[in-house]
Every structure is written in structure tokens, then in C-alpha cells.
């Protein structure tokens, strides 16, 4: 067991100082040496592109949250499928699932997907997907 | 054994719960096509009946006494159908049927299918948490109860108070979930397995004095997390606010279901069930009885004292639910000592008995309030019940039975339950006698204090003149729910032996 | 260099837990309270995964303990389900109170 040695980190500190120094110097030099012509177009946040409309801190529409909730649920359910897909059909020494169980477990996964499908149809019937 | 058969056996054990959950999924979907509260309540009663039929089927083919024929949990199976699981599953199904009857006319047509589907998932969760022999299953089963409860709290009423109640319950409940999970993670680390039987075996083989500190932390966290579900002080403070804000059906659900599941989980995880030759409840440290002693004393005292100050009926019943959790905790505190001296009625046994009695009387009391309430004129304060005995003599009589049972009058379930719990505390052998006699004394004082606020309600019903007319048309489902609860309350009070025997078999002592 | 041991992970889990509890106790914002809950759940998750990786059988051999990792997976899914319900409740709270500050909820007292 080795003890903690600060000396091994010195190169990182030197690197940090160098990076910060370079960034600050470059910005300061550009500000001091470069010519500044302040026209209205140059003052805009995006010099080329659409003119910004309104305040950036406006509220999101509630509709987005509905979609977010649905996405969250359906997205995370994949977490159950991933270990099954990665483990179920391994062969030889790495096999974790006995071969006889592959069929039953597949049926269980299908039931799980069917439950999700019911959830999807429920959301659909409730009109969650209508953009009102 | 063939792994396919093994897997199939596990699924067969949980077949009633699987039927309940899958039907609930279909109910959600079908509810978008048809909106009729009578139709969906009838359907969910049918589904509960089907689940009960499936539960009873194996015992029909092998006609042996079902309460004594089952085996202890083993180290392989994630779920077990032992006597405790069977008893609590029957209780859950009956309780579910009563709740369906009770909420028959209390939910609106457009939400009926969702409400009943959530209720079915909750009942399935109670069954699963009673059967769980694995921390993962137990945790998920408890969440199967919590998450539909949030939805029910949130769906049923739309005024500000109800929204606030839903938000409050949700935030505190997820906090308790976090505590419980953290405790579980340490339990897992102690023995490297999530199977509860294997875990407790590993802990028992360690010398009690040499358990790592982490075991004590796990004990405290698990008790805190589950203490929220059973409304033990200091995790009780949400109860009065949430009960007051939400509808009567949800309040009854909250008073009954989380308590059953919480005590089932406490009994299983903390080694009160199937303890073998060792005293129950001390696998995670010999400090457990003292912890439960303190919790019991605090919970009953705070519940009863604060209930004295209330005028709102829902808040009174909320604090009474806190107080009764305190009485039940006495059983957990005395269990190790009583098992040591082979007492007639063990601690865990008394807890299971009281749990069933408490469920019948408190759900019944809420059902009476719901039966008399109308949306325009809800029954909220004690004054609203004034003179009910004249307009509704039968209902008032049944309310009086529930309240007498909550007080602990003889010939009611509440008396039998309190008798076994308090007697247990008095029977503890000499070395610890002073400590537990103090607990029995505190409990007796509390029961006396509790009598005051229950009697106040009875006095209002029978002695005062009505302040306003209660004209609610009679509905048979509501009456049926009240009648079932009253029948159970009286039956358990008059003849407690069968349930007492079943409870003894359930905890395996 | 100190090798990373089980204790480091347990300490991290405990720190996350304490941060989560403090966050829940002090935040007035409902979303903030939820973030505290997530911290607590993930603190427990770190414990589970660390135990699953580091625990040895009584003979001191490395064993593959799948339960801890499975538990962690279930907790992640559960946290997502709770977050979905929380978003619905908080949105409604906002629509009623026009704020997500939980201290403004004071309908129920007594």
C-alpha cells in the first residue's frame, strides 16, 4: 500500500496555472490591442441568425412536462431490458442463466413489454399526445 | 430441481397478486372506454374475489388445516407463502373488498376505473410484502403500495387542501423510502445476501456483542423508514394534516394499508417471525427492545395527548391511528422477553392480532363518516355528528361499537387486542419487570386518556340535539362495508381464540 | 497512492445520504426537496454496488454477488417512477399556488 504523495500531482498544478494564465492573457490582449467599433449589429448576442425574441427566462409550456414525464418512464424501463439482453444468451463459462430458463424468462420479458404497451395505449387514450 | 419448475413455483405462489396487478393494468385501459362507478366497483370486487379463489385453491385440493400446514421460509426462495403471509393476504383481500364497498359512491364516474385499479395494485402490494423473503421484493412491494397511494391521494379531490395533502404525503413518504433503502443497503453489506432468511441466519450466527456498528445503523434506519409507514412518533406528523386534507376513503386507506405492510415488514426483517430457538427481534442488536420501548411510549403518549386537543373528526382519527401504532409497538418491545419465558401470548402474536382488530375498527369508523357525509354537507367536526342516533340509529350504534372498540371496552376487538398487549408487558420476568411494568402503566394511562375523546364523540351522537339534518339516501355498499367491519370487531371481541391461534402460528413461536 | 477500498465507497454513500437529508430539510423548493431524495437513493445505490463488488465469501474468495447490482437497477427505475409522479404533483402545486415553495402550503394545520 502506497501512501498519498502530493508530489505526483505537481505537473497537474503547473498545467492548471499555465492554462489559466494563457486564457486570461489572450482575452486581455484581445480587449486591449484589438480595435472596437460598436455598431448595433455587432452588439447583438447573435451577430448572424435570428433576432432574439423576448426574455430567455420565460416559462416552459406545461405540455413539455407531460412529454417529459412519459419519456422518463418509458426511457428508464429500458434498464430492465439491457441486463437481460446482455446476459440471457451467453454461452459456456460465462452463462449466467440456465439454458432451460431462457424461454420462460423471454415470456416474462414479453409480459413486461405488454404492460408497457398498455401504459402507452392508456396515455394515448387519455389524449396525452394531442398538442393542445 | 429443474430450474423451470422452480421459477414456476415462485410465480404460482404469487398468482393472486399477479392476477390483481394484470387486471389493474387492464382496468386502467378499459376505464378510458367506459366511465361508470358502479360498473368498475363491481368489476374490482369480482377481481378481488377471483384472487381470493386462486389463493384458496391449493387448500381445497389438500384439505388440511391451512394455518398449520405451511413451511418456514428457506434460503433460496424470494417469496414464501408461510402462515404469516397467508393470514395477511386474507386480511388484505378482505380489507380490499371493504375499501371497494366503502368507496363505491365516493369516487366520481370518470375516475372510478383508475381509483379501483390503484386500489387493486395496493392490495397486491400488501400481499407481496407479506410474502417477501427478499429485501428486493420487500422494497418493491412496499413501493407498490406507496406509488398508487400517491396517485389515489392526488386524484380523488381537487381542492387546495387535498393537493397539499398529496404533496406532503409524497415528499415525506419518499424520504422514508430513502431511509429504508439506506438501511437495507447496510443489511446487504452485513451478510452479502438479500434473502431475509439467509441474512438473519448469518446475523444470528454472529455473537450478539460482536455485531459491527453498521448493524445498529441499519436497525435504526429500517425502523425509521418503516416507522413512517406505521405512523410512529417522531415520523407521525404528516398523518393529521394528510388525513384532514384528503377524502375519507383515502384516509381509511392510509390508516389501514401502510400499517399492515409496515408491521409485516418489521416482523420479517427484524426477525420476529420463525426465530427458531433464539429470542425474536434481536438479530440486529440487543438494543432493539429498548428502541421499541421508547418508540411505543412516545407514540402512544403523543398520539393520545394531541388527539385530546382536536375537534376535527379526521384529525382525531389520525391521532388515534398514531396512538394505536404505539400500542402495537409494545408487542414488538416485549416479544424477545416473552419468547424467552414461553408466555401464553407472545409479543409478535399480539401485534398481528391487534393489527387485524385495529384495521376493522378504524376502517369502520371512517366508513361511517363517509356514509353520513354528502359533498355539500361533509361530516367534519364532532358537532356535525350531534344527534345522529335519532336520524340514523343503526349507523350510530355501529359507530358506537367502533369507538368503544377503539377505547378498549370488553366484548370488542379493541379490548381483546389491548388485553393481550398489556398483559404481555406485565408478564415479563423479574429482571426486566420494572421497565415493562412502567410501559404497561403508560399504556393504561393512555387508554384512559383516549377514552375521553372517543366518549366525546359518542356523547355527541346520543346526548345532543342535532344541529342540522343529515339527509343522505341509504346506499347498500356503504352499509355493507360498515356491517362487515362491525361484525369483525364484535366477533374478535367475543371469540378471539381462532385469530389468536392463527396469529401464533403466523409468527411461528 | 492509497488503493480505493470498500470504506471509501461507504463514506461516499454516507456523504451523499447526509447531503440528501440536509437538502430535503433545508430546501424550500419542491424540486429541490426531490433532488435531495434522489441523492439519498443514489447514496444507497453506491452502497449496494460497492458491497456487490467488494464482499468476499467466508474463505476470502472473490464472489460475484448479483443481488446488489440488481437492487441498484430496481432503485433507479423506481426513482424515475417517483420523479414522474413528483413532476405531476409539483406542476399541480404550481398551478394552484403559482410557486413551488413548499412553505406556502399551510391550508392544513391544527
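The values are calculated or read from the model by the stated rules, or taken from the named source; none is laboratory data. As the structure is a computational prediction, the values presented were derived from the model and not from experiment. Don't worry about glycine lacking a Cβ; one is built from the backbone with ideal geometry, like all the others, and counts go over all protein chains shown.
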Being assigned to a helix (DSSP H, G or I) and touching a residue at least 60 places away in the same chain (Cβ under 8 Å) narrows B:232, B:283, B:215, B:224 down to just B:215
Being loosely packed, with under 14 Cβ neighbours inside 10 Å and facing chain C (nearest Cβ under 10 Å) is the filter; apply it to segment A:80-102 and report the residue that is nearest to residue C:67 (Cα to Cα).
A:96
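How many of the residues in segment C:63-82 are within 7 Å of another protein chain (Cβ to nearest Cβ) and within 14 Å of residue C:41 (Cα to Cα)?
Residues of segment C:63-82 within 7 Å of another protein chain (Cβ to nearest Cβ): C:65, C:67-68, C:70-71, C:73-78, C:80-82.
Retained after the next criterion (residues that are within 14 Å of residue C:41 (Cα to Cα)): C:68, C:71, C:73-78, C:80-82.
Residues in segment C:63-82 being within 7 Å of another protein chain (Cβ to nearest Cβ) and within 14 Å of residue C:41 (Cα to Cα): 11 in total.
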Residue C:30: more than 16 Å from residue B:178 (Cα to Cα) and either away from chain B (no Cβ under 11 Å) or touching a strand residue (DSSP E or B) at 6+ places or on another chain (Cβ under 6 Å) (or both), yes or no?
no
Which residues, taken from segment B:19-38, are surrounded by 15 or more Cβ atoms within 10 Å (Cβ to Cβ), touching a residue at least 40 places away in the same chain (Cβ under 8 Å) and part of a helix (DSSP H, G or I)?
B:20, B:21, B:23, B:24, B:25, B:27, B:28, B:30, B:37
I'd like to verify a number: residues in segment B:126-136 that are surrounded by 22 or more Cβ atoms within 10 Å (Cβ to Cβ) and in a helix (DSSP H, G or I), how many?
7
Output for segment C:35-61, where each listed residue is in contact with a helix residue (DSSP H, G or I) (Cβ under 9 Å, 6 or more places away or on another chain) and not in a helix (DSSP H, G or I):
C:55
All conditions in (1) over 30 Å from residue B:12 (Cα atoms); (2) out of contact with any helix residue (DSSP H, G or I) (no Cβ under 9 Å at 6 or more places or on another chain); (3) at pLDDT below 85 are true of residue A:68 except (2)
Taking the condition at pLDDT below 80 and more than 18 Å from residue B:171 (Cα to Cα), does residue C:101 pass?
no
